[in-house]
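Visitor: I am attaching a structure below and will ask some questions about it afterwards.
Read-outs: derived from the displayed coordinates by stated rules, not from any lab. Values in this document were obtained by computation on a predicted structure and should not be read as measured data. Neighbour counts run over all protein chains shown; Cβ positions are idealised from the backbone, glycine included.
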Amino acid sequence: MPDAGPDPLPAASELAQPVPGFRHPVRHAPLADPFVVGPTTVVRAAPELAAAAATWKRRTEDATGLTLAWEATDDGADEAGRPTVSFVLDTTVPAGGYALRTGSGAVVVTASDVAGAHAGAQTLRQLAGPRAFRRAPVDDAPLTVPSGLDAHDDPAHAWRGVLLDVARHFLPKHDVLRFVELAAAHHLDVVQLHLTDDQGWRFESLRYPRLTEVGSWRRESGVGTWRAGVFDGRPHGGFYTQDDLREIVAHARAHGMTVVPEIDVPGHVEAAVAAYPELGTRKQPHEVRTTWGISTEVLDPSEETLAFFRDVLDEVMDVFDAPYVALGGDEVPTALWRANPDIVRRAADLGLDDVADLHGWFLGSLARHVVAAGRRPVVWDEAFRPGHDTLPRETVVTAWRGWTVGLQAMAAGHDVVMAPEQAVYLDHRAGDGPDEPVPVGFLHTLRDVHRFDPLPAGALAEAGVTDVDALPGRLLGAQAELWTEHLDSARRLDYAAFPRLAAFADVVWTGEPADARDTEAFVARLERDHLPRLAAFGVELRPLDGPYPWQTRPGVAGHPRDLASELASGGYGGVGGWVEDASGARTNEIGG
């Protein structure tokens with residue numbers, strides 16, 4: 001050990017805590033010296049865990065300027081007595097979990113799979129402090145890890161996701177790579193990449209090049225809520241080549257993340273219809289949408305349209321290796337279908353009771369194509385209709401309108417991801433002050449997000465569910481959403497996501513019941529330990545007491561909503577979700 005050590009090791013009660021926190025009790029008996037990452041440190045890893053160990057090694061070398069030795073083994077201590085960081089395979093550790101033990105001369109991460117090893121590596125990085133989140137050394141002080149720690153940890157939920165919308169506002173590739181790494185640093189394991197919408201098509205299709213030639217840009221964008229009718233007059237666009245996306249997938253894999261691609265159908269399709277008007281119901285020349293809100297434009301549910309999107313999905317599945325492919329299916333008004341005699345006749349020829357049933361038929365057809373390719377489809381909950389379910393059992397339902405519809409989907413045998421708008425839409429306003437930039441949606445403060453419960457007792461009672469484990473479908477986990485109508489840059493994305501995404505990550509990793517959660521202790525731990533880490537990484541987060549002056553958007557109109565008022569008006573269906581009219585349109589609109 002070097003003669004000059006770091007600052008005195010904190011007492012056990014003052015140990016810097018990771019975010020998310022340890023799920024299980026932790027023993028910490030501080031030793032005289034911490035573990036010091038130095039020029040003689042060696043990283044050792046079982047082959048099965050090498051990907052996680054290599055990522056920890058690479059990030060640590062960036063932060064310290066060191067070159068650490070590497071050995072492809074986890075068998076025993078280092079014979080030369082060098083300080084070691086070992087990633088040890090142990091099949092008795094729960095899936096996705098890890099054990100972490102630290103001494104003055106050795107650190108051991110034990111896991112049964114690479115997912116658990118990644119989680120352990122991220123905790124180890126957090127325990128090393130803000131310095132470990134820098135991309136280059138700032139001084140000669142060593143990187144240290146508290147010694148005497150014995151922790152055993154595993155996740156409460158397998159799907160710990162965040163949706164990143166790159167369709168409304170394009171996010172350059174390097175910013176996507178950065179966001180993936182940030183999500184991984186919080187023990188999240190899924191990024192759902194929303195690649196297509198009315199306002200832009202971001203996936204390069206080699207078979208249908210007009211999707212990006214025409215559909216990847218719009219002539220201008222709405223500024224603030226669409227209700228204000230204000231536009232910036234500035235073209236906006238961009239797309240990812242297939243190799244760009246393969247790079248994003250590989251980067252995510254190296255950080256223990258799965259990227260789930262989303263191609264949204266049969267609504268949210270104006271960009272695709274602008275490129276290929278024959279896909280639309282009206283068969284007319286069209287332009288990429290320049291405003292937000294819900295569009296009445298929907299796909300013509302024909303065999304030709306299905307063949308087109310099967311081709312696109314084949315390209316998507318060639319690029320993305322995730323076991324899941326998202327097909328959208330949300331917000332599909334049926335007015336244009338009802339007004340088209342040929343489409344009404346088609347619904348009758350298919351034996352459907354109503355033209356609105358084409359929604360489920362169309363998605364079910366594409367979902368079966370995805371299943372035949374060995375993947376699992378993911379849809380928003382409108383695609384699932386209780387009592388009229390046309391989706392393959394393998395389909396995962398993402399419940400965004402509320403918990404009850406998710407429980408109904410589980411009762412029908414579908415696995416479910418809970419993502420309720422009224423709790424975890426992080427593009428919604430984080431504060432109620434006058435300086436909050438483009439204040440849209442419900443108020444979701446940091447503390448509100450930390451009180452989120454993927455399965456609250458009220459929802460179970462409303463759905464009449466007494467035993468969730470008895471349902472044929474499973475709760476896979478939960479997902480926070482970052483829709484980007486009003487998040488037009490990486491800086492704005494940082495502001496909306498952090499630190500609230502850290503609160504969400506804490507909830508879905510630890511799984512503590514909301515009524516047993518100590519939110520104030522979490523906030524104190526966040527402010528003391530984690531905000532300095534995010535600052536070192538370069539995250540332009542929202543301060544806990546409100547935005548900095550340069551984070552405000554003076555004069556840009558938002559559209560704040562109040563959950564209590566919407567409940568009172570009957571437009572919002574409580575924990576069961578939104579009320580829809582006969583055409584499938586929501587009484588209340590999202591999109592600011």
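Visitor: Compute from the Cα atoms of segment 394-553 the Rg and the Dmax, the latter being the longest Cα-Cα distance, and quote both in angstrom.
Guide: 16.8, 52
Visitor: Fully extended, how many nm does the chain gain between Asp467 and Asp354 (0.36 nm per residue separation, minus their Cα-Cα distance)?
Guide: Numbers: separation 113, 0.36 × 113 = 40.68 nm, distance 3.45 nm.
Gain in length upon complete extension: 37.2 nm.
Visitor: Could you tell me how many degrees, from 0 to 90 and to the nearest 10, lie between the Cα long axis of helix 50-64 and the main elongation axis, the longest principal axis, of the Cα atoms of the chain?
Guide: Helix 50-64 sits at roughly 70 degrees to that axis.
Visitor: Hey, another quick one. What's the angle, to the nearest 10 degrees (0 to 90), between helix 303-319's Cα axis and the longest principal axis of the chain?
Guide: The answer is roughly 10 degrees.
Visitor: A further question follows. Rounded to whole Å, give me the distance from the Cα center of segment 256-299 to that of segment 133-159.
Guide: 43
Visitor: At a Förster radius of 30 Å, what calculated FRET efficiency corresponds to the Cβ-Cβ distance of His24 and Ala141, to the nearest 0.05?
Guide: In this case the efficiency is close to 0.40.
Visitor: How many percent of all Cα-Cα pairs in segment 88-169 sit more than 14 Å apart?
Guide: 68
Visitor: Can I ask one more? Taking Cα atoms, how many degrees apart are the long axis of helix 358-372 and the longest axis of the chain, rounded to 10 and kept between 0 and 90?
Guide: Once rounded, the angle reads 40 degrees.
Visitor: Could you please report the charge total around Arg282, scoring K, R as +1 and D, E as -1 over all other residues with beta-carbon less than 14 angstrom from its beta-carbon?
Guide: Net charge in that neighbourhood comes out at -4.
Visitor: How charged is the neighbourhood of His118? Take every other residue with its Cβ under 15 Å from the Cβ of His118, and add Lys/Arg as +1 and Asp/Glu as -1.
Guide: 0
Visitor: Here is a follow-up. Using 5 Å bins from zero, what percent of all Cα-Cα pairs in segment 12-153 falls into each bin?
Guide: Binned Cα distances yield the sequence 2, 11, 21, 25, 22, 14, 4, 0, 0.
Visitor: Taking amide H positions as placed in the peptide plane 1.01 Å from N, state which residues far from Trp70 in sequence (5 or more) or on other chains have amide H under 5 Å from it.
Guide: Here the answer is Val43, since their amide H atoms fall under 5 Å of that of Trp70.
Visitor: For a quick check: sort Glu436, Glu540 by the number of other beta carbons within 10 angstrom, fewest at the front.
Guide: Glu540, Glu436
Visitor: Moving on to the next point. Report the equivalent ellipsoid semi-axes for the chain in whole Å, largest first, defined as the square roots of five times the eigenvalues of the gyration tensor built from alpha carbon atoms. Could the numbers behind the result be given before it?
Guide: Details: eigenvalues 370, 121, 115 Å².
One finds semi-axes of 43, 25, 24 Å for the chain.
Visitor: Using the beta-carbon distance between Arg310 and Thr552 and R0 = 51 Å, what value does 1/(1 + (r/R0)^6) give for FRET efficiency, to the nearest 0.05?
Guide: On the way: r = 46 Å, r/R0 = 0.91.
Efficiency at R0 = 51 Å is approximately 0.65.
Visitor: Quick one: if the Förster radius is 22 Å, what FRET efficiency do His174 and Arg234 give, using the C-beta to C-beta distance and rounding to 0.05?
Guide: On the way: r = 22 Å, r/R0 = 0.98.
Efficiency, from the Cβ-Cβ distance: 0.55.
Visitor: What percent do you get for the relative contact order of segment 12-153 when only Cα pairs under 8 Å and 6+ apart count?
Guide: 35
Visitor: Thinking of segment 396-484 as a set of Cα atoms, what percent of all their pairs are more than 19 Å apart?
Guide: Tail of P(r) above 19 Å: 42 percent of Cα pairs.
Visitor: Quick check: the distance between the Cα centres of segment 500-565 and segment 332-369, to the nearest angstrom?
Guide: 42
Visitor: At a threshold of 8 angstrom on Cα-Cα distance, excluding pairs fewer than six apart, so keeping six or more, what relative contact order does segment 159-576 reach in percent?
Guide: So the answer I get is 16 percent.
Visitor: Determine the sum of side-chain charges near Asp432: Lys and Arg each +1, Asp and Glu each -1, restricted to other residues whose C-beta is under 15 angstrom from that of Asp432.
Guide: Taking every Cβ under 15 Å from that of Asp432, the sum is 0.
Visitor: Can you compute log10 of I(q)/I(0) for segment 292-335 with the Debye formula, treating each Cα as one identical point scatterer, at q = 0.18, 0.25, 0.27, 0.29 Å⁻¹?
Guide: -0.71, -0.99, -1.02, -1.06
Visitor: Right, here's the next one. Kindly provide the Kirkwood hydrodynamic radius of segment 213-352 in Å, to one decimal, from all pairs of distinct alpha carbon atoms.
Guide: Mean inverse Cα-Cα distance, inverted, gives 17.1 Å.
Visitor: Would you mind telling me the antiparallel percentage of the DSSP bridges in the chain, rounded to 5? Working shown, then result.
Guide: Working: 23 of 71 bridges.
Here the antiparallel bridges make up roughly 30 percent for the chain.
Visitor: Between segment 395-454 and segment 174-192, what is the separation of their alpha carbon centroids in Å?
Guide: Taking the Cα centre of segment 174-192 as reference, the centre of segment 395-454 is 19 Å away.
Visitor: Taking 7 Å along the Cα-to-C-beta vector as the label spot, tell me the Thr241-His388 distance in nanometres, rounded to one decimal.
Guide: 4.6
Visitor: Quick one: in segment 144-300, what % of C-alpha pairs are over 21 Å apart?
Guide: In whole percent, the long-distance tail amounts to 53.
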